[in-house]
1. Test ARG195 against the stated conditions and say whether it is of a type in the set (D, E, K, R), under 20 Å from the mean Cα position of the chain (by Cα) and more than 18 Å from PHE134 (Cβ to Cβ).
2. Please report, ordered by residue number, the helices (runs of 4 or more DSSP H) entirely within the range 3-119 with at least 2 residues that are more than 17 Å from the chain's Cα centre (by Cα) and in contact (Cβ under 8 Å) with a residue 40 or more places away in the chain.
3. Going through THR104, THR109 one at a time, which residue ends up being modelled with pLDDT of 80 or more, touching a helix residue (DSSP H, G or I) at 6+ places or on another chain (Cβ under 8 Å) and more than 30 Å from HIS150 (Cβ to Cβ)?
4. Looking only at the range 161-172, which residues are crowded, with 18+ Cβ neighbours inside 10 Å and closer than 18 Å to GLU76 by Cβ?
5. Under the condition of being surrounded by fewer than 14 Cβ atoms within 10 Å (Cβ to Cβ) and without any contact (Cβ under 8 Å) to a residue 24 or more places away in the chain, which residue from the range 206-222 is farthest from LEU136 (Cα to Cα)?
6. Considering (1) modelled with pLDDT of 90 or more; (2) crowded, with 20+ Cβ neighbours inside 10 Å; (3) not acidic (Asp, Glu), say which one ASN193 fails and leave the rest.
7. Restricting to the range 175-218, count the residues that are within 24 Å of GLY37 (Cα to Cα) and among the basic types (Lys, Arg).
8. So, in the range 57-93, how many residues would count as being among the polar types (S, T, N, Q) and closer than 18 Å to VAL181 by Cα?
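The values are calculated or read from the model by the stated rules, or taken from the named source; none is laboratory data. Note that the coordinates shown come from a computational prediction; the quantities given were computed from them, not determined experimentally. Here the Cβ positions follow ideal geometry from the backbone for every residue, glycine too, while neighbour counts run over all protein chains shown.
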Amino acid sequence: MKKNASILLVEDDMNLGFVIQDNLKMHGYQVRLCQDGKSGLKAFGESDYNLCLLDVMLPKKDGFSLASDIRKIDSEVPIIFLTAKTMIEDKIKGFNIGGDDYITKPFSTEELILRIEALLRRSSGSSEKTTSGFELGSFTYDPADYMLTHPDGNKKLTKKEAEILKLLCEHKGKVLERDLVLNMVWGDDSYFNGRSLDVFITKLRKYLISDSSVKITNIHGVGFKLECHHVK
């Protein structure tokens, strides 16, 4: 088991959520508890987790949709679904989305802990995030301290600029959906937040302008793509 492994728990039943959270903490885990799918997605974007526990029936964004969005950002973090449903179709759907395990309510704490430990052993470090940052042509971006470094000078990003650039870097060369950015950074995909996102994208383009090999391209009607031959 990874020492001090960090777990994202998304459960709308607060009584059950607190019970699970307390038991996980007693076993040495760090736990972030959220009550709905949208806040869960935003929390996932704000920190690094070794494992996600997602209730299937969630308000605002159900557990399957949340898992699907998480998989767009991280293809390896283990995901366990918590559900009162026993239908085989739901289990198949969960696994097809990218879930690693499925536990049906009611369940014992001992069973949940064993499943978590098994998944963390199986992942064997694959869900650990690098702290070395990203290489963007002649730039280096360290998301830990919001610092964009360049031979001509450094730029300290704001929190939202940093979160958006981190998502772009993690998608390197792939299309990053606009709605996904809005829900992960703002927790809401309203028109007003959409206009704010466009302003931040414009600012990031200006920060990166000194290296022509680094571009943030608009994919009309879909989102954005960070194009750079040297992203790692």
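1. Taking the combined requirement at face value, the residue does not satisfy it.
2. 14-26
3. Residue meeting the stated conditions: THR109.
4. Matches in the range 161-172: LYS166, LEU167, CYS169, GLU170, HIS171.
5. GLY221
6. Among (1) modelled with pLDDT of 90 or more; (2) crowded, with 20+ Cβ neighbours inside 10 Å; (3) not acidic (Asp, Glu), ASN193 violates only (2).
7. Qualifying residue count for the region: 2.
8. Qualifying residue count, the range 57-93: 3.
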